[in-house]
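Student: The structure's right below; bear with me while I get my questions together.
The values are calculated or read from the model by the stated rules, or taken from the named source; none is laboratory data. Quantities reported herein were computed from a predicted structural model and do not represent experimental measurements. A quick note on method: Cβ atoms are made from the backbone with ideal geometry, for glycine too, and the neighbour counts reach across all protein chains shown.
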C-alpha cells in the first residue's frame, strides 16, 4: 500500500562479493541534511513545508514487498493520479495527471534517469529488490529538481547496507519459462555501509486472455513477440570521513533484449514488427556532503547515465526479413551542487546549481544510412526557501532560471513555485500551491530524421492545487486534492507525424484517498482519480485528450489471516478512455474518435513466513479475473498470470 507522507503518519540468481562478512554498526546520529540521495532537503522527523502543502506520496519497502511487485511500474500503478499504460513500443509508460512519461522526472538517488533522446524512461528494467522507498511528488513540485516534471517527480531511494539484511534474495517462477530472481549482500560499520545486488527477469512470452479471439497477427494463446530478458547489477556505498563529511557512490549496470508486441491488426493503426535486440545501460554517481557549521552545509554529486540500444524493424511477423535497424546512444552527465543555509527558527534556504550535458547519437541502417549526432548543455540556478511556524502554518517559495544551449540556439526560461499549508485544527490541514514549469524539447523532438522540428519552443505550464487532509474517527484518514493545469506549446505529433507545438492543453481533476486501520491486522484503502483533459482551440475531434482515462478507482486490502498468512489484494477499475483513429476520406488522412472498453484488473498476493520470518513462501497472480483489455488501440494486454516464489534473508 501507499502511505501519505504527512504528520498524521509519521532480491534470478545473483552474486554479491565482499560484503558477506558483515559488521552491523551501532546507530550513530548524524544530520539528515547530509543525505545526498534526497534532492529535497529533509530536516528533522516532522514533515517539511513543501511536502505538507503539495501532493506527495511515499511508498516504503514493506509496502512494496506486501504487494508482490517485481518492477517499478507495478508499484507506481497504485499511486493516485498515476496511470501505467503500455503502448506501441512495448514499454510501460508512467503518466501523471494527464501528462505523459516524458513530462515525468525519474531520479534514482537524485540522478536523472530519463533518456536524452526522447526524455522518457523504462520503469520495467528497475527491480524492486533494490528499492528502499519511492517518493512521488505531484503537481507544483520543487524547483530544485530542475526543468520538466510538469506531471511529477519520482525519486527512488535505494537500499542501504546499514539497514538491509546481510544476505537476502528472491526466486520466482511462472509459466512460459518465466523467472524472476535476485540476491543482495549488505554490510556496515561505524563509518561505512555498502550493498550489492544482482537480479534477473526473463520470460518467453505472456499469455493472452481466454476471452481474446485470434486475429490475423495474434493467436489466442501467447502474445507474439513478448519475450524479455533483463539482467541488473547494482552497488552502492558511503563512507564518513568524519561526522561532518560523507562520501557516497552508486553504480548500476543493466543489459537485456525484448520484443515489442505488435498491433493485432483489428484497428486503423499500422502493424509494425520491432524488437530491442540489445540494451545496455550504466549509471555512476559520486557525491560529497560536508557540514561547515550549524548554519552552512554543502552537498552535491556528479553523475553519468548512458543507455545504448540496438532496435530492429522487420518486414513481417516471421521476424526474419530485416527492414532497418537503429543503433542509438543516449548520454546524460552533469553535476548538481547545493548550499544549504539552516536559519533555525527563521527557516531553511537551499540554493542549487545544475550543469548537465545531454547527448544523443543515432544511426538508422537502411539502403542509405542516416545519422544523428547532437548534444546540448542544460544549466539551472535555483533557490528555495522553506518556513514552518510554531503556529501550525508554513510555506515554501522557489524560483529557478534555466538555459538550454544546443547546436542551433540558446533558449532561456524560468520556473517558480509557491506553496503553503495551514493546520486548521489538530486533525485538519488545508493547503494551496501554485507553480510555473518549463520543459525544453528533447533531442528526438528537435532532430529526429522522420519527425524532428528544430523550430520547437519550450513547453510552459501553470499549475494550481488546493488540498485537504483530514483525520476521522475509527482510525480513518483521507486526503483530497483538486488541481488545474494550463499547458502551452505542448509538443506532440501532428497529422503528418511531425512534432509541433500545439496551442494549449488543459487538465483539471481531483485525487482522493481514504485509509482505514480500525481492525487489527487489516489495512483498507480506496482511491479515486478524476481527470478532465482537453485541447483548447482545436477542431473538437476528441471529447478529451487520447489515452487519458477520465476515472480511475482503486481498492487495496492488506490482511493477516490466521496462522500468519498475509493477503494483499489490489483492484483497479479504469473508465472512459478515447483515442483518435486514423481514417482516409477523399484521399486525406483524418481522425475519428474511438473509445477503449472499460476494464477491471485484480492482483493478489499470499505470503506465509517460516523460520522466524527468515523465509517466506508466496503465490501471486496478476489479472486474476483474466480480463481481456486494451490500453492502446489494437494492443491486447496480458491475461491471467500466476507466480510462485520464495523470499529469504540472513
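Student: Given the structure, is residue 377 touching a helix residue (DSSP H, G or I) at 6+ places or on another chain (Cβ under 8 Å), assigned to a strand (DSSP E or B) and over 27 Å from residue 54 (Cβ atoms)?
Tutor: Here the answer is no, as residue 377 does not meet what is asked.
Student: I would also like to ask the following. Check segment 490-504 and report whether any residue there is at pLDDT 95 or above, over 30 Å from residue 328 (Cα atoms) and either part of a strand (DSSP E or B) or under 23 Å from the mean Cα position of the chain (by Cα) (or both).
Tutor: Among the residues of segment 490-504, not one is at pLDDT 95 or above, over 30 Å from residue 328 (Cα atoms) and either part of a strand (DSSP E or B) or under 23 Å from the mean Cα position of the chain (by Cα) (or both), which makes the answer no.
Student: I'd like the full set of residues that are under 30 Å from residue 326 (Cβ atoms) and surrounded by fewer than 16 Cβ atoms within 10 Å (Cβ to Cβ), limited to segment 412-469.
Tutor: Those that are under 30 Å from residue 326 (Cβ atoms) and surrounded by fewer than 16 Cβ atoms within 10 Å (Cβ to Cβ): 449, 450, 451, 454, 455, 457.
Student: Can you name every residue in segment 119-157 that is farther than 29 Å from residue 49 by Cβ and not in a loop (DSSP other than H, G, I, E, B)?
Tutor: 123, 124, 125, 127, 128, 129, 130
Yes/no matrix, rows are residues, columns are (1) in a loop (DSSP other than H, G, I, E, B); (2) under 27 Å from the mean Cα position of the chain (by Cα); (3) more than 27 Å from residue 634 (Cβ to Cβ):
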{"residue": "240", "(1), (2), (3)": "no, no, yes"}
{"residue": "268", "(1), (2), (3)": "yes, no, no"}
{"residue": "278", "(1), (2), (3)": "no, yes, yes"}
{"residue": "310", "(1), (2), (3)": "no, yes, no"}
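Student: Now a separate question. With in contact with a strand residue (DSSP E or B) (Cβ under 6 Å, 6 or more places away or on another chain), modelled with pLDDT under 85 and assigned to a loop (DSSP other than H, G, I, E, B) as the only criterion, which of 36, 40, 28 stands out?
Tutor: One residue alone meets the criteria, 36.
Student: Sticking with this structure for a sec: Taking the criterion of being closer than 17 Å to residue 125 by Cβ and at pLDDT 95 or above, would at least one residue in segment 185-198 satisfy it?
Tutor: yes
Student: Something else about it: Is it true that some residue in segment 76-84 is modelled with pLDDT of 75 or more, in contact with a helix residue (DSSP H, G or I) (Cβ under 8 Å, 6 or more places away or on another chain) and not in a strand (DSSP E or B)?
Tutor: yes
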